[in-house]
Amino acid sequence: MTGTWWWDLAIGVAVALVVSWAALVVTLAVVRPRGGLLQESLRLLPDVLRLVRRLAADGSLPRGVRVRLGLLLAYLAFPIDLIPDFIPVLGYADDAIIVMAVLRSVVRRAGLPAVERHWPGTPDGFAALTRLTGLSRWTPTA
């Protein structure tokens, strides 16, 4: 009887993990940039990664923002992706999609001027970033 209980628990946990992963894949497919925006977001990724590192190191930002950014950096450094690279489109784009989603939440909490202050790229790159992520909707830039 005890062995059956453990099998039920193991199967339940495995099913919950598969369902959670499937829900994440669907969510990423829905929020991904469309058309040429996906290539543009992948082109901006090096500047965005430097931006995330700079924002995470900024002690003037709220702790919750820095924690989110730290978790994002840990996810990006982890060698196993949520979506394997052999899955078309989403396989290589999952990192870019997750970065953009976290940046949206950072802007909601810290404001667009904080992101703009730490942007390492060109003004055109920042304009592309705000267009891709919809950042300009929450706080107007000066």
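Here, each number is a calculation from the coordinates, and none is a lab measurement. From a predicted model like this one, the values you see are computed outputs, not experimental measurements. Neighbour counts run over all protein chains shown; Cβ positions are idealised from the backbone, glycine included.
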* Going by how many other beta carbons lie within 10 Å of each one, how would you line up I11, I80, fewest first? -> I80, I11
* **Where chymotrypsin sites (Phe, Trp or Tyr not before Pro) fall in DSSP loop in the stretch 64-128, at most 15 other Cβ within 10 Å** => F86
* Order of D85, D94 from fewest to most other C-beta atoms within 10 Å? -> D85, D94
